[in-house]
Structures are given as C-alpha cells and as structure tokens.
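S.K.: Submitted below is the structure of interest, expressed as structure tokens.
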C-alpha cells in the first residue's frame with residue numbers, strides 16, 4: 001500500500017525537523033480523516049484497525065525523549081500492519 005510505504009523500510013520511525021513535521025502531521029491528519037470516513041460510511045474493520053495502529057504508533061513515538069521507535073516497537077508495528085492486511 002503506497003500510503004504506508006514508510007513502514008516498510010529498515011530505518012526507524014523518527015520525528016524529523018520542524019518543517020518536515022508539519023508536512024507529516026498534515027499527512028497523518030488527512031489519513032485519519034480518510035480512515036474515519038471509511039469507517040463511518042462502510043464500517044470496514046481494516047480501516048478501524050489501521051486507525052488504531054496509527055494512533056498507538058504515534059503515542060509510542062511521542063512518549064520517549066528520542067522521539068523514535070525502538071527496534072522491538074518497529075518490529076511490532078510491522079507485524080501489526082501485516083496482520084491487519086492479511087486478516088482482512
């Protein structure tokens with residue numbers, strides 16, 4: 001899925017510099033709006049699960065001082081994402 005291409009590379013998920021954060025936040029907000037529409041209009045379970053996974057990941061990235069996922073958290077994110085795609 002193109003929207004989630006950044007989940008498939010080997011780098012850690014990081015919060016970049018300020019101008020880039022604004023762009024990423026705009027993309028995340030747009031994605032959350034689209035997911036909310038899909039959930040409300042069609043009730044698709046995959047959309048609800050992706051929205052939940054995105055929210056959990058944002059909380060995990062925001063919590064530590066480093067503002068990045070640990071290797072284990074990144075592995076869990078990949079596993080959760082693949083599980084959602086395969087189950088639905």
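S.K.: For region 32-71, name all the residues that are modelled with pLDDT under 90 and in a helix (DSSP H, G or I).
M.R.: Let us first name the residues in region 32-71 that are modelled with pLDDT under 90, namely 32, 54-71.
Hits for region 32-71 are 32, 54, 55, 56, 57, 58, 59, 60, 61, 62, 71.
S.K.: Looking only at region 72-88, count how many residues are assigned to a helix (DSSP H, G or I) and touching a helix residue (DSSP H, G or I) at 6+ places or on another chain (Cβ under 7 Å).
M.R.: In the first step, residues of region 72-88 are kept if they are assigned to a helix (DSSP H, G or I); the result is 72-87.
Pick out the ones that are also touching a helix residue (DSSP H, G or I) at 6+ places or on another chain (Cβ under 7 Å) and you get 73, 77-78, 80-81, 84.
Total meeting the criteria: 6.
S.K.: While we're here: List every residue pair whose Cβ atoms lie under 7 Å apart, where the two residues are 6 or more positions apart in sequence or sit on different chains, the first residue falls within region 59-88 and is at positive phi, and the second residue, located anywhere, is in a helix (DSSP H, G or I).
M.R.: 67/61
The values are calculated or read from the model by the stated rules, or taken from the named source; none is laboratory data. In this text, all values refer to a predicted model and were calculated from it rather than measured experimentally. Positions of Cβ are backbone-derived with ideal geometry, glycine not excepted, and every protein chain shown enters the neighbour counts.
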